[in-house]
């Protein structure tokens, strides 16, 4: 069969969605009338129909309201019903050959011919036997047309110009006035698509390309998407306008016959080569038996390039209306055998130099195309519309195509019923090689059938357009042919079409872009076919590769965000509306086959493009005919299917490994990986259908497989949109979270509150607190309540820890504070804490007199634990006995190294924050920092050991500390009420290391750095094995924060190795110590609070900033690694997002999705009305939520329960809050607000988590510092 124009064939392959659409309405035409032409069996071709049916006969496409209107697809289904019948999957070529001969076909395609087993002579020549002796090979030529025949009109001397002027000749030539109208729905759909595409393009460029190191990948995918969208824009032209046809004139004396203005003579050419006589004979007999308009004639020519004696002998028996033409000599380097064959015949019919009259027409049928009985009666009259009508086209259909399993899209509904429909409205000629008529003078004007390309039909349409000839299109299937069935034949056919299009575009003489006689619209339209092949050859494999890259390498080409979800949803819906634009819902599945065929044929297009480009450099291309009939029975080798097999197996393996990844990895990879898995399912369906077609069967099971595949593909598109909205990363305003965290600190303040205090349910509390009267201590009010089980007690070590962490966050992530407008709030929080810490220190004149330097009393707790636990009320309402709270203190002379170290670090870090804005305050803090540190370093002991173990002796700084402390005496009863058991310091060397490091940072004094090395080494020698393997960072274990601080100061291998070990264990788990919940929360089994994870997240951000920003020196080069920095940043972000409710409820009070409401906090649990008494019954034990929201507090969390959280005050402390819980998360929010923007940073984090891509640079111990 001829080469179909391929323009619309690949347009929908570039969308995330297969097209669908309804069909144009067409009447089922009764196959007969009172025509008296008899078949060989003596019966009229139309004896099966009543006179009423014949009288009502009208061409379907011009009588939309009358007749028996059914959809074109329905007619095809009826016509092919017998072929699809049966449940067998096996294919029999014999049955296919005989399918046209069966009497059960409801489609009226040369019905009498189909009833015979073999086409018998139509008008036998007398005295000539059907099979005679073989004669010498000779040339068989066609006689020239008879210029002197009485029905031949005088020829026009020239063709029409574009404006109709300058036409000469006898009479007054008519110019065709094309009827067309706007399609309101088509225009609306196109407008929606243009708006959606513009919005999508903006979002893709502005919101989805922030992929970090993978931005190049995202840019390539975006470029391919744009290329794919251009073909959809071309497709939109097909749906914005509908053609309007005139009514045909019917002969009142001969129902079913049409009238024409001229007595046309049709020259029917049937080119053939090696097709069997069974195929060619059916085509010739159908052309001879088809009705003709009144007064019109036809002559059929079998143009045999195969010089087949059997065909020649048979043709000689058929009378003068059938002419056998053969014997031409092939030209050297012949490109298109079909065109050369046709031109050989045409040159004999129309000798050069002889004028051709306007009533001469040429009809081309491929050897397998059997015309319907009304083919000519519906086609020929359309030439009467104007003398400039040069061609009339009709669509193609095939008897051997299973329309329910048309995986190669032979039916091509999208082209025949939509693309050609639109072309007809715009006057664009897209010739399709067969089943068409052309005015002979126009054909000659175009140079006859083009021989310079494999796709002569495509070229012919362009040549006619250049010469201003117009085209008509009959939207009705008036002939039925035979499609290739073997995979190799299908591939070769489509490859030929592809190469032919490229030949023309790559030819300087014929490239549409360089044809001055074409308008720019026509040039672009004729190039759009080649562009569609290019796009199909690129986009289809790319969209197969994208999900595979995501599964195996973990890289997704876009930032999945709210913007992406909105834009993709709008674009996919608009794409669906365009590609599913139809006039019959039954076209949904046939249009889906267009997408299937593109996924099957993409490699064929790639090879075709490559060979066509190669031909421009001298590599030859040969014309390969499409094998039909019994010759189709060839075996499919793996050579034809190796690429589909590779695609299928690759997609299948990726689907399996991807599912395993989703199940085992938990949250963090679900966002892009699940989308990719849905994508894989969509892409694997066409590959499976091809393998099923080849090796399993083409009957019932294939139809069922296609039906299931159609539904699954539709479901995949729906699921992709749903997943975009369900799993895209939520947007978090880290600056707002930072402000909320500081708001929580303010809600825990006690003392005389500032005038701008903005917590309405809090007031002044414990304003009269003083230190021990015996020491004349004075005011110790202010500070911040501990929370947790300690309630309103004030614990100095935790306040010092929180203060130093807050100051560290402000120093390292000041930009994050400034962006959120929280810098001043942060300074207020720091100063409130350090003002209180200054009050906890009092010179010890007694011990200072006997010591080498100043000694101090230090208050480590205010408030009695026993009394506090027995009371549940507002801090503002506690009784006088309770407000007269004791202050627990120690002297540095007896050893408070841990307490002194923490206070010193808090002073040094805070002083650096105030250095520029308040130098006086800086000096005050630094003075006390150095003095307190010196006292703690001289008298080395943990402050709790003096009470629990009074006989503990001093340890020289050069000694190796042994684990454990001698237990000489029980704890002194004097200190009952102090929370020494809860806040028991297990080591002081880490505190001294921490303090010395901050002093070095603040002063630059190398002596402090020497001290830091010494304390660190002592800790490593004596305590590392006991404490460091717990991987805890809090007020009690400061060695890990101190290590990062020293790594930043020194860039030493020792510190880098240690902190990488710490972070590696948190990121990659560490046996029984660090574990992950199902939803991705990292927790420490020694302290499973959320705070512990956020402390580590803060340290990860500090270190990420360090290794990313380090100056390039010998040692820094070893540790400066952007991949390390990204992994640390991403892990910290994932933990923060978990707390904010990414995968479950929020654990950050008052913020985001379903945060805790039953907070274990005295002040917020009391009734709003301050006059109402607050006690345990109406506050602690009530099932109601807290009346007041302690916004910005981080609760303890699920603990060891994974992700299961109980929002109850009576639960196992899961809703407890404390300022020390917020110490790490505050700095984390500041870091994230500085280092990432919205979701873009986190989407980069989702990249790289594929099957083959693990966090090797972090989790593999061989990759860390040795």
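The values are calculated or read from the model by the stated rules, or taken from the named source; none is laboratory data. Model, not experiment: these values are computed from the prediction. Because the Cβ atoms are built from the backbone with ideal geometry, glycine has one as well, and the counts that use them run over all protein chains shown.
Quickly run through region 780-816 and pick out the residues that are in a helix (DSSP H, G or I) and more than 18 Å from residue 1100 (Cα to Cα). Quick ask: steps written out before the conclusion?
Kept after step one, since they are in a helix (DSSP H, G or I), are these residues of region 780-816: 788-790, 796-812, 814-816.
Within region 780-816, 788, 789, 790, 796, 797, 798, 799, 800, 803 meet the criteria.
Report the residue count in region 870-903 for those that are closer than 29 Å to residue 753 by Cα, touching a helix residue (DSSP H, G or I) at 6+ places or on another chain (Cβ under 7 Å) and at pLDDT 85 or above.
12
Quick check on residue 987: is it in a loop (DSSP other than H, G, I, E, B) and modelled with pLDDT of 85 or more? Give the derivation first.
Numbers: in a loop (DSSP other than H, G, I, E, B): yes; modelled with pLDDT of 85 or more: yes.
So residue 987 passes the test.
Which residues, taken from region 1009-1038, are in a loop (DSSP other than H, G, I, E, B) and more than 12 Å from residue 996 (Cβ to Cβ)?
Scanning region 1009-1038 gives 1023, 1031, 1032, 1033, 1034, 1035, 1036, 1037.
Which numbered condition in (1) in contact with a helix residue (DSSP H, G or I) (Cβ under 7 Å, 6 or more places away or on another chain); (2) touching a residue at least 40 places away in the same chain (Cβ under 8 Å) is the only one that residue 566 fails?
For residue 566, the exception is condition (1).
Considering region 913-960 alone, what residues qualify as being modelled with pLDDT of 85 or more, touching a helix residue (DSSP H, G or I) at 6+ places or on another chain (Cβ under 7 Å) and part of a loop (DSSP other than H, G, I, E, B)?
915, 939, 940, 941, 942
Within region 331-347, is even one residue crowded, with 20+ Cβ neighbours inside 10 Å, under 59 Å from the mean Cα position of the chain (by Cα), under 18 Å from residue 297 (Cβ atoms) and touching a residue at least 40 places away in the same chain (Cβ under 8 Å)?
Yes - at least one qualifying residue is present in region 331-347.
Within region 267-303, count every residue that is over 30 Å from residue 253 (Cα atoms) and assigned to a strand (DSSP E or B).
Here the count works out to 7.
Can residue 583 be described as more than 29 Å from residue 730 (Cα to Cα), outside any helix (DSSP H, G or I) and either touching a strand residue (DSSP E or B) at 6+ places or on another chain (Cβ under 7 Å) or in contact (Cβ under 8 Å) with a residue 60 or more places away in the chain (or both)?
The answer is yes for residue 583.
What's the number of the only condition in (1) closer than 28 Å to residue 1188 by Cβ; (2) at pLDDT 95 or above that residue 763 fails to meet?
The single condition residue 763 does not satisfy is (2).
Tally the residues that are touching a residue at least 60 places away in the same chain (Cβ under 8 Å) and buried (at least 24 other Cβ atoms within 10 Å of the Cβ), restricting the search to region 1150-1163. Steps first, please.
Initial filter on region 1150-1163 (touching a residue at least 60 places away in the same chain (Cβ under 8 Å)): 1150-1152, 1160-1163.
With buried (at least 24 other Cβ atoms within 10 Å of the Cβ) added as a condition, the list becomes 1160-1161, 1163.
Counting residues in region 1150-1163 that are touching a residue at least 60 places away in the same chain (Cβ under 8 Å) and buried (at least 24 other Cβ atoms within 10 Å of the Cβ) gives 3.
Of the residues that make up region 523-533, is at least one surrounded by fewer than 21 Cβ atoms within 10 Å (Cβ to Cβ) and more than 31 Å from the chain's Cα centre (by Cα)?
Taking every residue of region 523-533 in turn, at least one turns out to be surrounded by fewer than 21 Cβ atoms within 10 Å (Cβ to Cβ) and more than 31 Å from the chain's Cα centre (by Cα).
Name the helices (runs of 4 or more DSSP H) wholly within region 366-455 that hold at least 3 residues that are crowded, with 24+ Cβ neighbours inside 10 Å and either at pLDDT 95 or above or touching a helix residue (DSSP H, G or I) at 6+ places or on another chain (Cβ under 8 Å) (or both)?
Where helices (runs of 4 or more DSSP H) fall fully within region 366-455 and carry at least 3 residues being crowded, with 24+ Cβ neighbours inside 10 Å and either at pLDDT 95 or above or touching a helix residue (DSSP H, G or I) at 6+ places or on another chain (Cβ under 8 Å) (or both), they are 375-379, 440-445.
If you check residue 787 against the conditions, is it at positive phi, within 50 Å of the chain's Cα centre (by Cα) and buried (at least 22 other Cβ atoms within 10 Å of the Cβ)?
yes
Within region 723-775, can you find the residues that are surrounded by 14 or more Cβ atoms within 10 Å (Cβ to Cβ) and closer than 30 Å to residue 595 by Cα?
723, 724, 727, 728, listed by residue number.
Just checking, does region 315-324 include any residue being closer than 30 Å to residue 535 by Cα and buried (at least 20 other Cβ atoms within 10 Å of the Cβ)? Before the answer, list the steps.
Initially, region 315-324 is screened for residues closer than 30 Å to residue 535 by Cα, giving none.
There is no residue in region 315-324 that is closer than 30 Å to residue 535 by Cα and buried (at least 20 other Cβ atoms within 10 Å of the Cβ).
Consider residue 496 carefully, then state whether it is surrounded by fewer than 24 Cβ atoms within 10 Å (Cβ to Cβ) and on the phi < 0 side of the Ramachandran plot.
So residue 496 fits the description; yes.
Could you list all residues from region 228-266 that are surrounded by 17 or more Cβ atoms within 10 Å (Cβ to Cβ), assigned to a strand (DSSP E or B) and within 47 Å of the chain's Cα centre (by Cα)?
241, 242, 243
Look through 1063, 1046, 1038, 1079 and report the one residue that is within 35 Å of the chain's Cα centre (by Cα), crowded, with 24+ Cβ neighbours inside 10 Å and at negative phi.
1063 is the lone residue from the list that is within 35 Å of the chain's Cα centre (by Cα), crowded, with 24+ Cβ neighbours inside 10 Å and at negative phi.
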